[in-house]
Structures are given as structure tokens and as C-alpha cells.
Amino acid sequence: MSGAVTLRDQFGRSIEYLRISVTDRCNFRCVYCMPLEGLPWLPKTEILRYEEITEIVRQLAPLGLRRLRLTGGEPTIRPQLESLVRMLRDVPGIEDIALSTNGVKLPDMAGPLFDAGLNRVNISADSLRAERVRDIARRDLGFDLVRSARAATAAGLAPVKINVVVMRGVNDDEIADFALLTRDHPWHVRFIELMPVGDLRELTWDHVVPTAEVLQRVAALGDLVDDPGPAQGNGPARYYRLRDGAGTIGVITPMTHTYCETCNRVRLTADGRLRTCLFGDHEVLLREALRSGASLEPLFRKALAEKPREHALLQMQVGGLRALSQVGG
Ligand code: SAM
Ligand code: SF4
């Protein structure tokens with residue numbers, strides 16, 4: 001592999017962005033994501049070592065890979081995450097490293113992660129009220145969004161994005177409170193439509209709040225103007241700003257729109273599978289080839305050749321899909 005060749009799939013979409021799941025485990029049990037008893041966790045021997053993750057990135061970078069996101073499960077519960085960030089930072093061609101986290105450990109980890117080379121962070125937070133956080137996450141770990149987001153900003157991580165999964169009757173009465181955070185803080189609060197994946201025994205379609213309704217409630221707070229959103233982002237969000245707000249308000253609508261036409265991402269599962277679509281069974285196992293020392297390029301090409309035109313969620317063909325925590329959502 002050599003030269004600045006762009007990797008393209010069968011529809012001409014280039015792949016610049018890799019989401020890396022570093023663990024399938026989590027210290028939370030969010031109602032929309034994981035059953036209370038947990039999932040059948042991957043055996044440790046099947047989980048890629050940091051050196052192996054780095055080698056995959058090293059082989060993808062010459063093909064056009066530029067941006068990385070560490071996710072899970074909860075990435076911050078894997079020991080020494082900063083050493084992985086440091087290794088990835090050293091791969092030539094990688095311009096941007098982001099983290100998706102539930103934020104619990106950010107007050108302690110934001111500084112070391114920034115020092116290791118992390119650029120930015122997305123924090124998932126579904127409530128600003130302690131007892132409700134506990135009810136949604138089904139764990140009491142003292143998570144306080146404002147404290148975690150402040151720690152991220154103070155450490156130098158930017159932009160700080162806050163992802164809120166809106167659920168009717170569960171947290172939709174906090175839409176205004178979340179939106180108002182952007183008045184004084186340089187944060188980007190994004191409201192996400194609940195997706196019907198994983199363990200939804202406790203949630204139904206009645207809990208999905210369409211984005212149009214979210215925006216109506218935000219607009220009631222005052223003047224809302226269109227905004228290009230944070231400069232650094234690879235994601236499918238639309239952004240607005242409260243007039244004079246320090247941050248922005250975004251909406252992500254996986255259920256009522258697809259973003260497949262501009263999808264530029266692939267996912268690496270914790271056990272070394274390259275998934276080319278979040279919703280679907282298209283995956284190629286890299287781990288064995290990696291451990292045998294073989295070149296991975298033929299497998300990358302195979303995966304891309306199979307990247308589907310669009311996901312099947314809208315057709316409701318969702319039976320048997322894995323939870324987002326298992327595929328690096
Ligand atoms: N643990 C990290 C976190 O919570 O940010 C990273 C992994 S988590 C699977 C990634 C994102 O997926 C979170 O923002 C979470 O809210 C979102 N998510 C999980 N299940 C979802 C669902 N059924 N509908 C919408 N978003 C979901
Ligand atoms: Fe854990 Fe993130 Fe899933 Fe919540 S959404 S259970 S924090 S992986």
C-alpha cells in the first residue's frame with residue numbers, strides 16, 4: 001500500500017472516518033442500550049489489543065483514513081485508554097481523534113486524554129437530574145453532566161458535544177433545560193431520536209419524539225437561528241443557535257431521515273470486525289489476518305465492496321440487530 005489513494009466503496013463514497021469500539025462492556029445500563037444484567041461479554045482474548053487496533057489504523061491511513069472516534073461500550077473503562085490515544089496520535093495521516101463517552105470518568109480523565117492527543121469529546125447525557133440519571137442509566141455513579149463537560153472544556157477538548165436521546169415521558173420535559181446550557185457554555189447539545197435497536201423491552205415506539213417536535217419546543221425559548229455547527233464533525237446533525245448563545249443546538253434524526261448518501265464511516269468492533277453499516281450484518285473479520293501478520297488491504301476492499309447503499313431501519317427490517325454498544329454505536 002502506498003500513495004494517497006482514496007478508498008471508495010461501490011457507490012463512490014470515500015471512507016475517511018473510523019469508529020473504534022475499544023470494549024463492549026459498560027459501567028452504565030442505559031434503558032435503550034443494554035439489559036440490566038449486561039450482555040454476553042466478549043472473552044478478553046477476542047478483544048483487540050491496543051497494538052492491534054493501532055496496526056489496523058496504520059494500514060488504513062494510507063488509503064485515506066483521517067479521523068477516528070473511540071467508542072464502545074464505554075471506552076473510558078478500558079484501562080490505560082490514554083496509551084491507545086498516544087499510539088493512534090503517532091500514526092501518520094490521522095488528523096482528528098474523538099471520544100464518545102457517558103462522561104462518568106471525564107472529571108479525572110479529560111486532562112490525561114487531552115495530553116495524550118485526544119482532540120474532542122461527545123458526552124451522552126439524558127438527564128440533568130441526579131435521580132433521573134440513575135433511573136435511565138440504572139447505575140448510581142454520581143454522573144453530573146455539567147461537571148464532566150466543564151472538565152472537558154477546561155482540559156482543552158473542543159468541541160464538546162452533548163448527545164441527548166429524547167424519550168417521551170422519560171426526559172422530554174428537560175429539552176429546554178438542555179438547550180439552555182448552550183446560552184452560556186460553548187457546548188453543542190444534540191437531540192437524538194430514539195432508535196429501535198438493542199434491548200427495548202422497556203421502551204416502545206410511543207417513546208420516540210420526532211425532531212420536529214423537539215425543535216418546536218426549543219424555538220419556544222426564543223430566537224433560533226440556523227448555524228453551521230462546530231467545525232470539527234463528521235456527523236449527520238443539523239444545527240441551530242439561540243441568538244447570542246455560546247454553543248449550538250443540533251438534531252440527529254436517524255428514524256425520520258437517512259444520511260446514507262453522505263455516509264463516510266466504517267466501524268471496528270472490539271473483537272476486530274470491520275462493519276460498514278451500523279444497521280446490518282455487513283462485517284469482515286480482521287482479527288485472524290491481523291494476528292497472522294497478513295496485509296489487511298484485501299479485507300478492507302472486500303468490506304467496502306459490500307457497504308450497503310442505505311440502512312434497513314426505515315423498512316423496519318431490524319430483527320436480530322445487535323445493540324449499539326456491541327457494534328460501536
Ligand atoms: N458509552 C458511550 C456513550 O454512551 O456515549 C459510547 C457508546 S454508546 C452505544 C453511543 C451512543 O449511542 C450514545 O450516545 C447513546 O446514547 C446512543 N444510543 C445507544 N442506544 C441507542 C438507541 N436505542 N437510540 C438512540 N441512541 C442510542
Ligand atoms: Fe453504556 Fe453508552 Fe450503552 Fe449507555 S449508551 S449503556 S453508556 S454503551
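Computed values, structure above
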read-out	value
Qualifying residue in region 61-72 (condition: closer than 18 Å to Tyr32 by Cβ and in contact (Cβ under 8 Å) with a residue 60 or more places away in the chain)	yes
Within region 280-296, tally of residues that are in contact with a Pro (Cβ under 9 Å, 6 or more places away or on another chain) and at pLDDT below 90	2
Any chance Ala125 is among the aliphatic types (A, V, I, L, M) and within 15 Å of ligand 2 (Cβ to nearest atom)	yes
Any hit, region 72-87, residues being away from ligand 1 (no atom under 15 Å from the Cβ), under 23 Å from Gly156 (Cβ atoms), surrounded by fewer than 22 Cβ atoms within 10 Å (Cβ to Cβ) and at pLDDT below 95	no
Flag if Leu304 is at pLDDT 85 or above, among the aliphatic types (A, V, I, L, M), in a helix (DSSP H, G or I) and buried (at least 18 other Cβ atoms within 10 Å of the Cβ)	no
Near pairs, Cβ below 6 angstrom, 6+ apart or cross-chain, from region 123-151 (at positive phi) to any residue that is surrounded by 15 or more Cβ atoms within 10 Å (Cβ to Cβ)	Arg138/Arg29
Scope region 105-127; condition outside any loop (DSSP other than H, G, I, E, B) and among the acidic types (Asp, Glu); matching residues	Asp108, Asp115
Residue in region 61-71 that is within 15 Å of ligand 1 (Cβ to nearest atom) and farther than 30 Å from Glu297 by Cα present	no
All positions within region 282-305 that are among the acidic types (Asp, Glu) and either in contact with a helix residue (DSSP H, G or I) (Cβ under 6 Å, 6 or more places away or on another chain) or more than 13 Å from Arg267 (Cβ to Cβ) (or both)	Glu288, Glu297
Residue under evaluation Ile136, criteria (1) in a helix (DSSP H, G or I); (2) at pLDDT 95 or above, criterion not met	(2)
Residue that is surrounded by the most Cβ atoms within 10 Å (Cβ to Cβ) [pool: residues in region 140-186 that are of a type in the set (Lys, Arg) and part of a helix (DSSP H, G or I)]	Arg150
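The values are calculated or read from the model by the stated rules, or taken from the named source; none is laboratory data. Remember, it's a predicted structure, so these values are computed and weren't measured experimentally. Don't worry about glycine lacking a Cβ; one is built from the backbone with ideal geometry, like all the others, and counts go over all protein chains shown.
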